[in-house]
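Asks: Below you will find the structure I want to go over with you.
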Amino acid sequence: MLRINNGAGGQIRPQSQKVRDLKDTFSTYHPVVNFAFFCAVIGFGMVFLHPVFLSLSLAGAFTYAIRLNGKRAVKFTLLFVFPMMLIAGAVNPLFNHRGVTILGYMGDNPLTLESIVYGIAIAIMFGTVILWFSCVNVVMTSDKLMYLLGRIFPSLSMIFAMVLRFVPKFKNQIKLISKSQKCIGRDVSDGTLRQRAEHGIKIISVMIGWALENSIDTADSMRSRGYGLPGRSSFANYRFDSRDRIALISLITLIFIVIAGGLAGENNIQYFPYIKTGEATLFSLFTYACYAALCLLPVFINVREAVVWKRLRSRI
Amino acid sequence: MKRRGIITAVLFLIVVPITVVGGIVFLDDRKYYFISLLLVIYTMIPFFLSFEGRKPKAREIIVIAVLTAITVAGRAAFFMVPQFKPVIALVIIAGVCFGGESGFLVGSMSALISNFFFGMGPFTPWQMFCLGLIGYMAGVLAHQSLLKKTKASLCIFGGLSTFLIYGGIMDLSSVLAWAGNITKELVLVTYTAGLPFNLVHSASTVIFLLLLADPLIEKLERVKIKYGLISN
């Protein structure tokens, strides 16, 4: 049901270009920092159901998505995230009849206040995670993922890199084959419907045969140049500098405080049979502040960068 | 070889129970989606490690890359039509011709990489798992000669696996995503709502297998013989 098929409307285009024109400072940090940040906010976002935590994460995800995608983020939220949130919000009261505050009956089943509130919480959680992923799509470019994968899974990241190259290459080759088939009247636009289908399959199978033979040549060439021998070096355009160290240390500190707060029950909320939260203490306020700092970290970094840049420029 | 065994054992004997128990104790046993997502990711790690562990040759890597690229391009070519995709058909053909491990890798890598073009989401690991599993099963069943390289048997396997494995698991994952507590009615409603989508998806797999199975398998087998590539 409702399979999520979101994204850039199917454009085949490497996503790194978008980042370059956007000048998002957080994207220029080391991939490890980016990855750790997204693991943390998405993991926490899927787990915490406390209203304060939910709203902080939603605020962080939404501001960062707008920072990254501008108007597109607003459109994406209204057209895609919001309807999904509505469905998620509606599913729970319809199928969940627990809770003590009964507002009315649908048929024989009670409609409870608790299940409605719970549905809203789940809906916000869902929307937040989708928004975070829309940020992942922009920030975690394929070269960053390859860099991270390459350490643990070198062959898989090799496959990854090759596939990214092969897809546009094959598209070009299909065009070439189709043009040359057209010269002998065997393109997909020639003949009856049945013949057209046959021509299409012929073109695909020519392409696949070419791709395999061609790739074997590449493989042999790789082997003769020493692929697979020990002492392999890898190209990486990333340097872990002091800026990244500071960001990573503060990220890890914030994550630990939030986890500690979670273990101490600061994020606990009971929805059924009745809604009950813990008392807000000083420590819980501290945990909220840390969670807010965590979720807004990229936005902070961007704002700080803009301020520093402005100050430096005005000094010149 | 040994290291891989140890990692797998640690993963399944220690990490998996800790995750499940941790989910019950710390997360009130209500965060099914998060816990199941972690478990899905754990399941795939041994496959990837075993591939890395045996230091694959350049030829094996590149054949898997070519098959994955064809699958990704296949998904991209049909991006306009919802659910009507050649992806599973291609993954099954890859598994049948090059064995279970290659099938798993082609399936899971094509799910991962095509989501780079179409957008990532919490559903990415699930798709990787489902497609990988179908490719792996196709390879293993073909190796056991339970799945013949004939159109009829491939189409039956393709239709059933798309409907039951891909549809079944992906719909279950959306139940886990939407609902806080899972009831029988909710599961039933989700599967009913997903039925038309899953039927279209299985039909597309069957159609693509009917069209592509014979020419593609012939091509792949020829290349395998010509260059003495990985056989089951």
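Asks: Once you wrap a convex hull around the alpha carbon atoms of the protein assembly as shown, what is its projected area averaged over all directions, in nm²? Each step should come with its number before you reach the end.
Replies: Working: hull surface 122.5 nm².
That works out to 30.6 nm², a quarter of the Cα hull's surface.
Asks: Which residue, B:L67, B:L27, B:L90, has the most motion in a Gaussian network model of chain B that connects Cα atoms within less than 10 Å?
Replies: Judging by the Gaussian network model, the answer is B:L27.
Asks: Moving on. How far, in degrees from 0 to 90, does helix B:184-227 lean away from the longest principal axis of the Cα atoms of chain B, to the nearest 10?
Replies: Its long axis makes an angle of about 30 degrees.
Asks: Please build a GNM for chain A, connecting alpha carbons under 10 Å apart, and tell me which residue among A:V299, A:V167, A:V33 fluctuates the most.
Replies: A:V167
Asks: Shifting gears a bit: I'd like the orientation of helix A:282-295 relative to chain A: the angle between its Cα long axis and the longest Cα principal axis, in ° from 0 to 90, rounded to 10.
Replies: The angle comes out near 20 degrees.
Asks: Taking R0 as 30 Å, what FRET efficiency do you get between B:E52 and B:V21 from their Cβ-Cβ distance, rounded to the nearest 0.05?
Replies: Details: r = 29 Å, r/R0 = 0.98.
According to the calculation, E is roughly 0.55.
Asks: Now a separate question. Let me know the mean shielding of B:69-76 by other chains, meaning the per-residue number of their Cβ atoms within 10 Å of its Cβ. Walk me through the numbers before you get to the answer.
Replies: Numbers: counts 13, 9, 2, 6, 12, 1, 1, 5.
Shielding by partners across B:69-76 averages 6.
Asks: When the Cα centres of region A:220-241 and region A:142-202 are compared, how far apart do they sit, in Å?
Replies: For region A:220-241 versus region A:142-202, the Cα centre distance is 26 Å.
Asks: Here is a further query. What whole-number distance in Å separates the alpha-carbon centres of region A:271-316 and region B:136-155?
Replies: If we compute the Cα centre of each part, the gap is 55 Å.
Asks: Now for a separate question. Convert 10 °C to kelvin, take the viscosity as 1.306 mPa s, use the Kirkwood radius over C-alpha pairs of region B:1-149 as Rh, and evaluate the Stokes-Einstein diffusion coefficient in µm²/s, rounded to a whole number. Each step should come with its number before you reach the end.
Replies: Details: Rh = 16.5 Å.
It diffuses with D of about 96 µm²/s by this estimate.
Asks: Around A:S180, under 12 Å between beta carbons, what's the net of Lys plus Arg minus Asp minus Glu among the other residues?
Replies: Details: positive: A:K175, A:K179, A:K182, A:R186, A:K202; negative: A:D187.
After counting each charged neighbour, the total is +4.
Asks: Let me check against my output: what whole-number percent is the relative contact order of chain A, with C-alpha pairs under 8 Å and at least 6 apart?
Replies: Values: 282 pairs, mean separation 85.3, N = 316.
This gives 27 percent for chain A.
Asks: Would you mind giving the average projected area, over all directions, of the Cα convex hull of region A:9-167 in nm² with one decimal? Can you show the working numbers first?
Replies: Values: hull surface 47.8 nm².
The directionally averaged projection comes out at 11.9 nm².
Asks: Right, next: Got a number for the accessible area of B:K226? Probe 1.4 Å, square angstrom, nearest 10.
Replies: 110
Asks: Which of rounded, prolate, oblate describes region A:81-232, given a ≥ b ≥ c as roots of the alpha-carbon gyration tensor eigenvalues and a/c under 1.5 marking rounded, otherwise prolate only if a/b is larger than b/c? Could you put the intermediate results ahead of the total?
Replies: Values: a/c = 4.35, a/b = 1.78, b/c = 2.44.
Note, shape of region A:81-232 comes out oblate.
Asks: OK, next. What are the lysines whose alpha-carbon lies under 30 Å from the alpha-carbon of A:K71, with same-chain residues fewer than 8 places away excluded?
Replies: A:K71 reaches A:K18, A:K23, A:K144, A:K310.
Asks: Report the label-to-label distance for B:K184 and A:I87 in nanometres (one decimal), using points 7 Å from each Cα along the Cα→Cβ vector.
Replies: My value for the distance between the label points is 2.5 nm.
Asks: I've got another one for you. Calculate how steeply helix A:242-263 sits against the longest principal axis of the alpha-carbon atoms of chain A, using the helix alpha-carbon long axis, and give the answer as 0 to 90 degrees to the nearest 10.
Replies: The angle comes out near 50 degrees.
Asks: Ok, one more. What is the mean number of Cβ atoms from other protein chains located within 10 Å of the Cβ atom of each residue in peptide A:212-221, rounded to a whole number? Walk me through the numbers on the way to the answer.
Replies: Details: counts 13, 6, 2, 10, 9, 1, 5, 11, 4, 1.
The per-residue average across the peptide is 6.
Asks: With N set to the residue count of region A:164-304, report its C-alpha Rg divided by 2.2 N^0.38 Å to two decimal places. Before the final figure, lay out the partial values.
Replies: Values: Rg = 29.6 Å, N = 141, 2.2 N^0.38 = 14.4 Å.
Computed over Cα atoms of region A:164-304, the ratio equals 2.05.
Asks: I'd like the distance separating the alpha-carbon centroids of region B:166-232 and region A:56-125, in whole Å.
Replies: Going from one Cα centre to the other spans 30 Å.
Asks: How would you classify chain A from its alpha-carbon gyration tensor, with a ≥ b ≥ c the square roots of the eigenvalues: rounded for a/c under 1.5, else prolate if a/b is greater than b/c, otherwise oblate?
Replies: Because a/c hits 1.5 or more and a/b fails to exceed b/c, chain A counts as oblate.
Asks: Once the convex hull of the alpha carbons of region B:56-227 is built, what does its volume come to per residue, in cubic angstrom?
Replies: 119
Asks: Another question about this same structure. Once you average over the residues of A:270-280, how many Cβ atoms of partner chains fall within 10 Å of each Cβ? Intermediate results must be reported in sequence, preceding the final value.
Replies: Values: counts 1, 4, 3, 0, 0, 0, 0, 0, 0, 0, 0.
That works out to 1 on average.
Asks: Take the alpha carbon gyration tensor of region A:164-206, find the square roots of its eigenvalues, order them as a ≥ b ≥ c, and report rounded if a/c is under 1.5; if not, report prolate when a/b exceeds b/c, else oblate. Please list the in-between numbers first.
Replies: Details: a/c = 3.25, a/b = 2.01, b/c = 1.62.
Judged from the Cα gyration tensor, region A:164-206 comes out prolate (a/c at least 1.5, a/b above b/c).
Asks: For chain B, what is the calculated [θ] at 222 nm in deg cm²/dmol (nearest 500), taking -39500 (n - 2.57) for each run of four or more DSSP H residues and dividing by its residue count? Provide the component values of the computation, followed by the final result.
Replies: Details: 9 runs with 179 residues, N = 232.
Rounded to the nearest 500, the figure is -26500 deg cm²/dmol.
The values are calculated or read from the model by the stated rules, or taken from the named source; none is laboratory data. What you see is a predicted model; the values in this text were computed from it and never measured. Note that we place each Cβ from the backbone using ideal geometry, even for glycine, and neighbour counts take in every protein chain shown. Side chains included, ligands, DNA and RNA excluded: accessible areas come from the protein's heavy atoms. Shrake-Rupley method; radii C 1.70, N 1.55, O 1.52, S 1.80 Å.
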